[in-house]
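*Asks:* Below: one structure in structure tokens.
Read the figures in this text as sums done on the coordinates, not as results from a lab. Computed from a predicted model, the values in this text were never measured in an experiment. Positions of Cβ are generated from backbone atoms using ideal geometry, with glycine treated the same way; all protein chains shown enter the neighbour counts.
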Amino acid sequence: MDDGEPRPLVAGRLRDGQWHGVDTVAAVLLALAFGASETHSGGWLAGAVAAVVWLPVAVRRRRPVRVLYTVLAGAVLAMAFTGWEESWVPVGAALYTVAAREPRRRSATALGCSLGAVAAAMALAPRAVPASGVAGGVVFASLMMTLPWLVGTALREQRSYAELAARQAVTDERLRIARELHDVVAHHLTVIAVRAEVARAVASTNPQEAERTLALVGTAGRTALTEMRRMLGVLRSPGDGAESGPAPGLADLPALAAGAGPRVELSVDPEPPLPPGVELAVYRIVQEALTNVVRHAGSANCRVNLSRTGPEAVEIEVVNDAPSRLPSRLPSRRPGGGHGLVGMRERAAMCGGTLSAGPLATGGFRVHARLPCGPGTVR
């Protein structure tokens with residue numbers, strides 16, 4: 001049944017061993033054909049030379065440079081002893097393989113040696129000069145070599161660009177996974193560390209608060225493990241049993257806010273639904289902003305507002321109003337030089353949006369982002 005995807009050509013489905021078989025059959029048939037035609041005009045020596053020139057082409061994919069120089073030597077001898085002008089055709093086939101498979105410098109050297117062999121053959125052996133004259137012979141031989149070399153060079157460059165694009169795609173995917181892991185680990189481990197300190201500080205004076213705080217620690221740990229399994233699952237090969245759930249989005253914001261602490265107020269106005277790529281960016285920006293609140297302001301009052309500004313954009317605002325009022329026994333926290341703000345700006349930029357962040361006059365901090373979500377948005 002047709003699965004809707006384009007099927008590769010027959011040539012694209014052949015393996016290396018099958019290609020060697022094709023080359024062998026083609027070399028033998030061409031040697032027989034040219035040998036038979038030349039035998040009638042040039043005797044048995046011409047037929048033998050045709051075989052010597054064409055048969056090495058059978059292994060051109062395995063030893064391209066050696067095959068080229070072997071065929072080139074045979075072509076020079078053929079021109080010197082028989083005047084067979086078509087001996088440059090197999091040289092062109094060998095040059096194509098060298099240009100397609102070898103580095104640029106080596107293939108250019110091979111082309112130069114081949115063109116030099118043409119001049120040497122016609123200068124040292126008068127019989128090598130065809131009926132069209134020296135100029136005509138040089139032009140014909142040069143075309144038989146240069147055109148296949150150019151085609152092979154273009155094929156090699158195309159393959160190099162494709163490999164470069166594939167490597168860049170892998171690098172981009174690894175950077176995306178690294179960014180996702182940073183967001184998950186930084187947020188949940190920060191929440192766990194701060195809540196554990198809170199529980200330790202109030203354990204003797206307020207056991208119930210300590211119990212609720214430890215419950216938040218357990219929830220944050222389980223959520224972090226779930227998200228990390230989902231993201232790391234894409235690094236495994238298909239079919240090895242790795243399970244990957246959907247990327248987090250707006251539906252996961254209440255759990256994210258609850259895990260950050262009881263003083264987080266969440267207001268979400270997402271209608272109509274956002275594109276999946278924008279939903280993930282919103283979630284990660286809110287997650288990183290809450291991480292900064294927990295890390296730098298402890299458990300200060302925090303508001304998270306998500307609202308639509310018309311059908312084309314969504315705005316995110318995360319504000320913590322005042323410095324922390326945690327027990328004094330907790331270690332003081334001060335802003336560090338982490339990558340949180342940079343990561344949030346990258347998230348916004350990926351969607352074509354903007355993000356600003358800065359302190360408030362009251363001593364708090366505000367993060368504001370605006371992401372486009374209309375047609376053409378990253379999905």
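*Asks:* Just to be sure I understand the model, the point goes 7 Å from the Cα along the line to the Cβ. What's the resulting VAL342 to GLN158 distance in nm?
*Replies:* Taking the two extended label points, one gets 4.0 nm.
*Asks:* What does the convex hull of the Cα atoms come to per residue for the range 132-203, in Å³?
*Replies:* 54 Å³
*Asks:* Sticking with this one: Amide H of ARG366: which non-local residues (sequence gap of 5 or more, or other chain) have their own amide H closer than 5 Å, using H built in the peptide plane?
*Replies:* Answer set, sorted by chain and number: GLY358, LEU360.
*Asks:* Additional query: For a Förster distance of 56 Å, can you work out the FRET efficiency between the beta-carbons of ALA48 and ARG167, rounded to the nearest 0.05?
*Replies:* 0.70
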